[in-house]
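Coordinate-derived values only; no laboratory data. Owing to the predicted nature of the structure, the values given are computational and were not obtained by experimental measurement. Every residue, glycine among them, receives a Cβ derived from its backbone with ideal geometry; neighbour counts consider all protein chains shown.
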Amino acid sequence: MARMADAGLARRRMDGIGTVYGEGGDPSAPSLLMGSHTDSQPEGGWLDGALGVVYALEAARVLHEAGAPGAWSVIDFQDEEGRYNTLTGSRVFARHLPPPLEEMADGRARAGLSAAPVLYWDSARPAGFSGYLEAHIEQGPRLEAANASLGVVTAVVGLRQMRVSFLGRQDHAGGCEMPERADAALAAMRYASGLDAALRRVCDAPEACDGAVWTFPDLTGFVSHSTIPGEANLTLQFRAPTEAPMEEIERLARSHCEADRSALGLPPLSHARPVRCTIVHERPPVRAAPMDDEMRSCVEAAARIAAPSAGVGAAGTLAMPSRAVHDASPVATRMPAAMLFVPSVGGVSHSFDEHTHDKDLALGARAFVGAAAGIVLQQCAATPPELGRVSTVIPA
């Protein structure tokens, strides 16, 4: 809240689930919303999310000190990383999820937020919002590999997370003979390896599934070294920048769980007694989110002005999809949205080793402030000379 005051955001508040919000400029004008999140993973780095909030505060400060016309707002969304749900704060803000008031009751009470109202996109300010702008580290290797200092996001991937459960029969690992076993953990491993092989065949060419990715981040069911697991649970998470490949992956995931796998030319999950398989969505899906063309053009123009000034390589900027989900995903369903990326050194994120070089951080700040100024002053264009008209509010 103090940093928002320092940036000239005169109207500030924290909502009932911990999202922090501040407004600057003309309260009667539609506002450019800027921000990200400041929560992190248990062993996360120093830039994931926080960078976007810092850039937003800097843009607000520059616009305020320049006395720019129009309106701007900064938001720090609560729980982007998913303690309560995936993208909790921004999905609540976009009215995609009910606020987790009961789950957060103790924390809300300790923070004095029990009576605070929850912030929603359509009631936060009477004049509404003109769009949403977010900056983030890439969390991948593409920018660094292309010698690009800035990335302009074309779309943010959708994400689906499913729980696959296997029910067999728990028994003694020595006393139960092989033909009598219904080993749930072995069935889970067969399922995962079979589905992975099928997905690799279908998505062999990158364009076939729009670069979809999938993972099996956990397998539970262990009881003891001398016990055949009677139950096992497997998480399947998959992402793609469009909905069609995610539909195909979910179809294959469900078909591999069906009782009559032989009809699909698949071996049974258990070669002895049967093991039952069920599959459900573990969390509400996050839909793939294309970025707004007009806002994206403004970000690209500002990025192209910023990147060459540091003498970077020919690929100073790169248009690219985001392989991670971000707060921009749900917000983009309610207003135009755009994102700017800076490189992650070695592609590393969600780690204490997460880092971005100082020059790239500075270039990102300049590009973000330039894009924000262009949007607020309604002087954006796809060509750098047009954007130059707002140079008076872009720091040198």
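Couple of notes before you dig in:
- Answer residue from the range 277-303, given it is over 24 Å from Arg334 (Cβ atoms) and surrounded by 15 or more Cβ atoms within 10 Å (Cβ to Cβ) and is farthest from the chain's Cα centre (by Cα) among those: Cys277
- Answer from Pro241, Pro274, Pro308, Pro245 - the residue that is surrounded by 14 or more Cβ atoms within 10 Å (Cβ to Cβ), within 26 Å of Leu47 (Cβ to Cβ) and touching a residue at least 40 places away in the same chain (Cβ under 8 Å): Pro241
- Just so you know, in the range 93-126 the residues that are of a type in the set (Asp, Glu) and in a loop (DSSP other than H, G, I, E, B) include one that is surrounded by the most Cβ atoms within 10 Å (Cβ to Cβ), and it is Glu103.
- Checked against the criterion of being among the polar types (S, T, N, Q) and touching a residue at least 60 places away in the same chain (Cβ under 8 Å), the range 148-156 contains one or more residues that satisfy it.
- Some residue of the range 290-302 being touching a Lys or Arg at 6+ places or on another chain (Cβ under 9 Å), among the aliphatic types (A, V, I, L, M) and farther than 30 Å from Pro217 by Cα: yes
- Residues in the range 127-166 that are β-branched (Val, Ile, Thr) and in a strand (DSSP E or B) were compared, and the one that is nearest to Ala192 (Cα to Cα) is Val164.
- In the range 230-265, the residues that are in a loop (DSSP other than H, G, I, E, B), under 29 Å from Ala205 (Cβ atoms) and not small (Gly, Ala, Ser): Pro241, Thr242, His256, Cys257, Glu258
- Answer from Ala59, Ala68, Ala29, Ala7 - the residue that is surrounded by fewer than 19 Cβ atoms within 10 Å (Cβ to Cβ) and among the aliphatic types (A, V, I, L, M): Ala29
- Only listed residue being surrounded by fewer than 24 Cβ atoms within 10 Å (Cβ to Cβ) and either in a strand (DSSP E or B) or not polar (S, T, N, Q) (or both), chosen from Pro330, Pro268: Pro268
- The residue list Arg3, Arg12 contains one member that is assigned to a strand (DSSP E or B) and more than 18 Å from Leu133 (Cα to Cα), which is Arg12.
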